[in-house]
Amino acid sequence: MTPVSGRAPETGETHAHGGTLGRAVVTGAGGFVGSAIVADLRSQGYEIVTVGRAESGRAHVAWGDAAGLDAAVDGAAVVVNLAGKNVSCRYSPRNRREILNSRTATTAAIARSITRSASPPPLWINASTATIYRHAMDRPMTESTGEIGEGFSVGVATAWEHAFFSPDLGGTRRVALRMAIVLGHGSALAPLLGLARFGLGGRQLDGRWWAPREKRAAGAFHEYRPTHGRQMFSWVHLDDVLGIVRRVIADESIHGALNVCAPGPVDNGELMATVRRSVRMPVGIPLRRWMIELGALAMRTESELLLKSRWVVPERLTAMGYEFRHPELRGAVDAVVRAGR
């Protein structure tokens, strides 16, 4: 395999027996979660091979280089696929296509490489999203009882998982990480911390808003629901994402979809109260829908990210006895604030 950048793959720590834990192939390695997973895998002793866009110049293998991807995957100990365009953008037709294709096409490419492998990887971990579940105000969504939602974001999630689970890959164990909002330094929590510091850290209130007919038809618009700032917020700290990936690698009984979220989801009111406490701001002005929409337009993102009620709990992780490092939101937010100082 010839690295795209001309660099050799980054080798992990050598153990007493003189080798490593094997090759870990990681896509989306330059992102917030991906870079942390790469560092953690390397610290354990894995040889890291990254796959990414050719124009980035940072990956060892470029998407579109089928031979290079085949060589990376063949004989790998684990494949971790985190590739996908960031969803924090305006849901224009072009961005919607890129969000979908960047997930399904890359997942399909890995599946093809595994089918061509002489020595297929024993484990493939693929990113997914807790957004696959419906807007939930009545009860939490679990792997066994959760209901799949509707709309653009859900359609992306279901297509992504279909591309992951549908191919027949023989002995390769597959785990889809249905990740909630991941908290950490530089994460999606940063804008909320910024709002709170300026006294705008109150509840985010839904309301009626206009949208183009085409956007509504595509399911790419957040439809009004009278949540009164009580929409649920499921989350997980980056430390626990790393811990869960380690657990998935170690426990061969884990397969299928896995909710990656803390056991303590909160509603929007408690979320913002926790954020205000962490930055020592005693007051927080509520944000109404029109303010959220204008802010989302200015930041080139979508209001759905704040207004959809995501009530997801880690049924399978709890049943298998996984101990969360950050089970409660306040401790997790405080850890993020401390890391940013």
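Throughout, read-outs are computed from the coordinates displayed, never taken from laboratory work. For clarity, every value in this text was computed on a predicted model and none was experimentally measured. Cβ atoms come from the backbone with ideal geometry, glycine included; neighbour counts cover every protein chain shown.
Which loop-located trypsin sites (Lys or Arg not before Pro) does the stretch 181-248 contain, where loop means any DSSP state but H, G, I, E or B and the Cβ has at most 13 other Cβ atoms within 10 Å?
Numbers: sites: ARG197, ARG203, ARG208, ARG213, LYS215, ARG216, ARG230, ARG246, ARG247; in loops: ARG203, ARG208, ARG230.
Within the stretch 181-248, the qualifying trypsin sites (Lys or Arg not before Pro) (loop, at most 13 other Cβ atoms within 10 Å) are ARG208.
Note on the chain: Kirkwood hydrodynamic radius from all Cα pairs is 20.9 Å, rounded to one decimal.
The charge dipole of the stretch 84-339, taken about the Cα centre with unit charges on the Cβ atoms of Lys, Arg (+1) and Asp, Glu (-1), comes to about 820 debye, rounded to the nearest 20.
Rounded, prolate or oblate: which fits the stretch 20-69, taking a ≥ b ≥ c as square roots of the Cα gyration tensor eigenvalues, rounded meaning a/c under 1.5, else prolate when a/b beats b/c? Walk me through the numbers on the way to the answer.
Values: a/c = 2.93, a/b = 1.43, b/c = 2.05.
Oblate shape, in that a/c is at least 1.5 and b/c is the bigger or equal ratio.
Amide H contacts under 5 Å for VAL260: ARG178, MET179, ALA180, restricted to partners 5 or more places along the chain or on a different chain, H placed in the peptide plane at 1.01 Å from N.
Under a 5 Å amide H cut-off, with hydrogens placed 1.01 Å from N, LEU287 pairs with GLY202, ARG203, GLN204, LEU205 among residues at least 5 apart or on other chains.
One-quarter of the Cα convex hull surface for the stretch 257-341, in nm²?
On the way: hull surface 28.8 nm².
Taking a quarter of the hull surface, the average projection is 7.2 nm².
Antiparallel versus total DSSP beta bridges in the chain: what percent is that, nearest 5?
Numbers: 4 of 36 bridges.
Antiparallel bridges make up about 10 percent of those DSSP assigns within the chain.
For the stretch 97-243, the ratio of Cα radius of gyration to the globular rule of thumb 2.2 N^0.38 Å stands at 1.25. Just how large is the dipole of the stretch 183-322 about the Cα centre, in debye to the nearest 20, putting +1 at every Lys and Arg Cβ and -1 at every Asp and Glu Cβ? In total the dipole reaches around 580 debye.
The convex hull defined by the C-alpha atoms of the stretch 183-303 has an orientation-averaged projected area of 9.5 nm². Of the residues ALA262, ALA76, ALA190, the one that moves most in a GNM of the chain with alpha-carbon contacts below 10 Å is ALA190.
Within 10 Å of each candidate Cβ there may be at most 11 other Cβ atoms; applying that plus a DSSP loop requirement, which GluC sites (Glu not before Pro) in the stretch 273-341 survive? Show your work: numbers first, answer last.
Working: sites: GLU293, GLU302, GLU304, GLU315, GLU323, GLU328; in loops: GLU302, GLU323, GLU328.
Here the GluC sites (Glu not before Pro) that fit, given the DSSP loop and packing criteria, are GLU323.
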